[in-house]
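K.L.:
Sharing a structure, written as structure tokens. Questions coming.
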Amino acid sequence: MAAVVHADIVEAPSDPPGPGALTAEQVAEFGAEMDRIRDEVLSSLGEADAAYIRRVIDAQRRLDLAGRITLLFGILPPAWVAGTTMLSIAKILENMEIGHNVMHGQWDWMRDPEIHSTTWEWDNACPSKQWKHSHNQVHHVWTNVVGRDRDVGYGLLRISEDQPWHPAYLAQPVYAAVLACLFQWGVAMHDVDVDGLMNGRRDVQGARVRFAEVRGKARRQLVKDYVAFPALAGPMFLPVLLGNATANLARNVWSASVIFCGHFPGAVPTFTPADVVAEDRAGWYVRQVIGSANISGGRLLHLMTGNLSHQIEHHLFPDLPSNRYPQIAPTVRETCERFGLPYVTGSFPRQVASVAKRIFRMALP
């Protein structure tokens, strides 16, 4: 029987399958199917893919410039709204479809030094070097493993019964709202690992070095958006300042919402370190499917989410170009159905509601 879970219909199965739901032979076969999909995409990459990312980067830069120029006339309400909207979209595109995916190495095959994971520095308070460690080397390896994946709750939230309850979690709906509004700053502190430092898991000197890097990057971001561009506007200082702040807020809330919807809807389980002790590459593939969720929608939604609306495909193949995720999604879904694995998907409003319900539920003992 197919095990596709539509979040629109089934919010949280009472007994979601774990990594051990398949036999060893089935896991190996599923892994071989995923390797085949990956190899087919890699062998077909070409100029059309390169043209795609260059078009997106060009459109993003034009939107950024247009938004900032329009904000120079921000004393007029229509100009302020238009400028802020364009700047917000530009910031979302730069973070989601461009920065996030370039730093995953999705476009390294182009051998373009300007669009490469080793050289890209994104419009975000988190230094790219630290993000690549906490995200690529930690999160994507230990997806949804409590105690290993620091994205499970971001050190603030309890989203799994495998996390011990504490009375402080009663206020976590408030923490979640604040985290969404300040998301780039939460991401910036991710690799500093304040929680690990307080618990003695991280060395103080290393944390100091990482914090100094964050402080330097954060200073540049603050000066750019809240000093330099407003100052260039002269008498329009305040409208430009408010427009930049609003654009950053919109980018933060959108990014947090998309990422939470890809990891924490009610139908997505977490894992314990014991669940992955004997895990090989094929088992890792299975866990990525079980521990991720998609967002259904059209091309515009996929673009604005950085194609993280295809979170399942992204977790399976984090270094494949994001424009290929819609292409391979039907094959991945069919393969999951064939192996009886859940393929959690739902509309954006449904996924957001499911995440919110989980945050509220896990706030209680």
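The values are calculated or read from the model by the stated rules, or taken from the named source; none is laboratory data. Here the structure is a predicted model, which is why all the values come from computation and not from measurement. Here the Cβ positions follow ideal geometry from the backbone for every residue, glycine too, while neighbour counts run over all protein chains shown.
K.L.:
Tally the residues that are surrounded by fewer than 21 Cβ atoms within 10 Å (Cβ to Cβ), in a helix (DSSP H, G or I) and not aromatic (Phe, Trp, Tyr), restricting the search to the stretch 75-87. Give the steps one after another, and end with the answer.
P.N.:
Narrowing the stretch 75-87 to residues surrounded by fewer than 21 Cβ atoms within 10 Å (Cβ to Cβ): 75-82, 85.
Pick out the ones that are also in a helix (DSSP H, G or I) and you get 77-82, 85.
Going one step further and asking which of them are not aromatic (Phe, Trp, Tyr), we end up with 77-79, 81-82, 85.
Looking only at that region, the number is 6.
K.L.:
Pick from the stretch 19-59 the residues that are at pLDDT 95 or above and outside any helix (DSSP H, G or I): which of them is surrounded by the most Cβ atoms within 10 Å (Cβ to Cβ)?
P.N.:
Among those that are at pLDDT 95 or above and outside any helix (DSSP H, G or I), it is 45.
Matching residues to (1) under 30 Å from residue 223 (Cα atoms); (2) modelled with pLDDT under 95; (3) in contact with a helix residue (DSSP H, G or I) (Cβ under 9 Å, 6 or more places away or on another chain):
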site	(1), (2), (3)
246	yes, no, yes
256	yes, no, yes
275	no, yes, yes
292	no, no, yes
310	no, no, yes
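K.L.:
Let me ask something additional. Looking only at the stretch 269-304, count every residue that is closer than 18 Å to residue 330 by Cβ and either of a type outside the set (Gly, Ala, Ser) or out of contact with any strand residue (DSSP E or B) (no Cβ under 9 Å at 6 or more places or on another chain) (or both) and tell me the total. Outline the logic, then answer.
P.N.:
Within the stretch 269-304, the subset closer than 18 Å to residue 330 by Cβ is 285, 288-289, 292-299, 301-302.
If we keep only those that are either of a type outside the set (Gly, Ala, Ser) or out of contact with any strand residue (DSSP E or B) (no Cβ under 9 Å at 6 or more places or on another chain) (or both) as well, we get 285, 288-289, 292, 294-295, 298-299, 301-302.
Here the count works out to 10.
K.L.:
Could you please find all residues in the stretch 60-74 being in a helix (DSSP H, G or I) and surrounded by 18 or more Cβ atoms within 10 Å (Cβ to Cβ)? Steps first, please.
P.N.:
As a first pass, look at the stretch 60-74 and keep what is in a helix (DSSP H, G or I): 60-71.
Passing the criteria: 60, 63, 64, 67, 68, 70, 71.
K.L.:
Only residues that are in contact (Cβ under 8 Å) with a residue 60 or more places away in the chain, buried (at least 24 other Cβ atoms within 10 Å of the Cβ) and over 11 Å from the mean Cα position of the chain (by Cα): list them for the stretch 305-319, please.
P.N.:
Matches in the stretch 305-319: 317 only.
K.L.:
Further question: Do any residues in the stretch 42-62 that are free of Cβ contacts under 8 Å to residues at least 24 places away in the same chain have Cβ atoms under 9 Å from those of residues that are basic (Lys, Arg), where the two are at least six apart or on different chains, and which pairs are they?
P.N.:
44/324
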